[in-house]
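A quick write-up on the structure given underneath.
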Amino acid sequence: MMKKIFFSVLIITLIISLQNSSSAIAQNKADITYIRIRVDGLSCPFCAYGLEKKLKKVDGAANLHIELEEGIVTLEVPKDKKPTAESLKKVVTDAGFTPREIKFSDIPFKEKDEDNK
Amino acid sequence: MRKVIHHISILLLFLLASINYSLAQGPPIFTDTPILLGLEGSGIRTFGKFVEKEQASIYIQPIILPYNITPKILLGAIVPLVNKKPDNMAARFGVGDMAVFIKRTLYQKDGKAKTFRVVGKIKQVFPTGNSIEAPALGADSYQTLFGVVTGYITTKIGLYSDIGYNITSNGLSDNFIYNFAVGYPLLRQQYPAKQVNLFLELNGNYFLEPQANNLFISPGVQWITGRRLLIESGVQLPMLEQVAATQKTKFIFTLGIRVLLF
């Protein structure tokens with residue numbers, strides 16, 4: 001009898017903690033703005049380093065990723081620190097490159113691209 | 001024994017750092033590039049150049065300090081360390097002729113993973129190298145170079161040209177400098193960088209009085225190990241050298257690193 005009660009409590013605890021963690025993840029994702037910037041002129045690795053340095057100074061910037069061949073930069077910022085497109089364009093220009101398209105999204109761009117397929 | 005120690009100490013100096021004596025700021029190795037990467041002062045570069053002449057061995061290690069005051073204007077200074085060892089004479093080590101330079105982007109057209117840029121540059125060399133005692137470490141001449149650097153660079157290939165006119169003083173001949181380079185990356189471009197670049201360059205210098213043309217062919221290889229470190233090596237072989245027999249160059253060997261400090 002005691003064994004039954006113990007395992008029931010254990011399973012219920014597991015279910016509750018799983019629900020909490022998935023809602024925490026969902027909550028965290030909901031607090032993030034995903035940014036994708038198309039940059040022209042990125043033709044060498046040392047060039048990209050200069051751009052990375054400047055973008056890392058954007059308030060709250062994280063998970064910065066640069067794809068040289070595609071000329072795409074992606075990064076994440078907390079929603080309450082979302083920068084303006086103009087400020088991001090200035091960062092890219094100050095790094096010596098030409099900003100093209102800047103997009104903001106509530107979901108990661110990889111997921112968004114897969115949804116659009 | 002002294003000779004061995006001497007050569008080892010030169011090699012150690014080689015390995016300490018590398019500064020591009022001819023002002024190359026990234027690829028290529030011997031030719032300048034139109035991409036201004038002063039990176040607000042953290043891009044200190046240096047490499048060692050070993051010049052083997054008919055009657056002398058020369059080691060040059062310049063320290064270049066570039067600084068972007070704006071994205072399109074770069075200021076810099078060059079402090080060259082020189083070790084000269086003529087045959088049958090004691091070696092002399094010291095600071096050579098220092099220089100300051102300014103570069104400005106005159107034209108820039110960026111595309112996806114490519115860029116075309118034209119940069120104007122002015123370099124002023126000061127006769128700070130000891131030229132009184134033999135062997136001289138400096139040219140004993142103020143030299144002002146006006147040049148244009150052009151580059152079409154993609155992630156697949158880089159084409160560069162660097163031409164300029166050098167005005168001299170104190171009896172040294174004015175000269176016209178011309179450099180061309182092709183760079184080819186062997187690996188797929190990625191970031192953080194892991195790349196091996198091959199270069200083939202032509203580096204020339206045409207003196208006006210007396211008229212003399214010197215042209216070198218310069219193959220080289222460059223290994224970019226990560227975000228901030230690059231190791232490169234190249235050799236310059238004379239194709240044409242219109243100088244006195246005792247001044248002819250057997251070869252010039254370059255080995256060094258470029259480090260972005262922070």
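Taking first residues from region B:60-71 that are part of a loop (DSSP other than H, G, I, E, B) and partners that are at pLDDT 85 or above and of a type outside the set (Lys, Arg), the Cβ contacts under 6 Å between residues at least 6 apart in sequence or on separate chains come to B:Pro71/A:Asp94; B:Pro71/A:Gly96.
Consider B:Tyr191 carefully, then state whether it is out of contact with any helix residue (DSSP H, G or I) (no Cβ under 9 Å at 6 or more places or on another chain), over 19 Å from B:Leu237 (Cα atoms) and not aliphatic (A, V, I, L, M).
no
Of everything in region B:61-87 that is modelled with pLDDT under 90 and among the hydrophobic types (A, V, I, L, M, F, W, C), the residue that is farthest from B:Arg258 (Cα to Cα) is B:Ile69. Screening chain A for helices (runs of 4 or more DSSP H) wholly inside it with 2 or more residues that are away from chain B (no Cβ under 14 Å) and either modelled with pLDDT of 90 or more or in contact with a Gly (Cβ under 7 Å, 6 or more places away or on another chain) (or both) returns the ranges A:85-94. Between B:Phe180, B:Phe199, the distinction of being over 16 Å from B:Phe47 (Cβ atoms) and of a type in the set (A, V, I, L, M, F, W, C) belongs to B:Phe180 only. The residue of region B:202-232 that is farthest from the other protein chains (Cβ to nearest Cβ), among those that are closer than 24 Å to B:Ile44 by Cα, among the small types (Gly, Ala, Ser) and under 18 Å from the mean Cα position of the chain (by Cα), is B:Ser218.
Which members of region A:77-108 meet the condition of being aromatic (Phe, Trp, Tyr) and touching a Ser or Thr at 6+ places or on another chain (Cβ under 6 Å)? Steps first, please.
The initial filter retains those residues of region A:77-108 that are aromatic (Phe, Trp, Tyr), namely A:97, A:104.
Hit for region A:77-108 is A:Phe104, nothing else.
Among the criteria (1) of a type in the set (D, E, K, R); (2) touching a Leu at 6+ places or on another chain (Cβ under 7 Å); (3) over 26 Å from A:Leu64 (Cα atoms), the one B:Glu201 does not fulfil is (2). From the list B:Gln190, B:Gln222, the one residue that fits, being surrounded by 14 or more Cβ atoms within 10 Å (Cβ to Cβ), of a type in the set (S, T, N, Q), at pLDDT below 95 and in a strand (DSSP E or B), is B:Gln222.
The set of residues in region B:225-239 being surrounded by fewer than 21 Cβ atoms within 10 Å (Cβ to Cβ) and of a type in the set (Gly, Ala, Ser) consists of B:Gly226, B:Ser233.
For region B:189-201, how many residues are under 18 Å from B:Ile252 (Cβ atoms) and within 14 Å of another protein chain (Cβ to nearest Cβ)? Of the residues in region B:189-201, 1 are under 18 Å from B:Ile252 (Cβ atoms) and within 14 Å of another protein chain (Cβ to nearest Cβ).
With respect to (1) away from chain A (no Cβ under 14 Å); (2) crowded, with 18+ Cβ neighbours inside 10 Å; (3) modelled with pLDDT of 75 or more, the lone exception for B:Arg45 is condition (1).
The values are calculated or read from the model by the stated rules, or taken from the named source; none is laboratory data. Because the structure is a prediction, the values reported are computed rather than measured. So basically every Cβ, Gly included, is an ideal-geometry build from the backbone, and we count neighbours across all protein chains shown.
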